[in-house]
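The values are calculated or read from the model by the stated rules, or taken from the named source; none is laboratory data. Being a predicted model, the structure only gives us computed values, none of them experimental. In this analysis, Cβ positions are derived from the backbone assuming ideal geometry, glycine residues included, and neighbour counts consider all displayed protein chains.
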Amino acid sequence: MSIDFDLWIDPDDLDRHRAVERVLEHYFMERLADYPHLRLPGPDPYDYDAPFNRLHAVLVERARDYLLRDYLYSPTPMQLSQAFYRAVARSNKVILD
């Protein structure tokens, strides 16, 4: 099994990693704006069939494909999740239960 995450291959290229993380956050903000208001999971945040959780999985996979295609960059799962939740925190489309 080979390592294919750019952050792990070249951890010293901080400028590139930070730039890609900004692109990721912007990507997620644009995708969240495409949806009507979203409710965050209330009593059971681990309900994997909840619309928000399904949306997370789909958007993260699309973001990974987008970066691989347009930036030739393979993000780590942590970079994807952090950018997604930063975008959720900044979005006015997400409603807390």
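Between Ala19, Ala57, which is more than 13 Å from the chain's Cα centre (by Cα), modelled with pLDDT of 80 or more and in a helix (DSSP H, G or I)?
From the options Ala19, Ala57, the qualifying one is Ala19.
Can you tell which of Pro51, Pro41 is surrounded by 11 or more Cβ atoms within 10 Å (Cβ to Cβ), touching a Leu at 6+ places or on another chain (Cβ under 9 Å), over 27 Å from Leu14 (Cβ atoms) and at pLDDT below 75? Walk me through how you get there before you give the answer.
Numbers: Pro41 fails: touching a Leu at 6+ places or on another chain (Cβ under 9 Å).
Of the residues listed, the single one that is surrounded by 11 or more Cβ atoms within 10 Å (Cβ to Cβ), touching a Leu at 6+ places or on another chain (Cβ under 9 Å), over 27 Å from Leu14 (Cβ atoms) and at pLDDT below 75 is Pro51.
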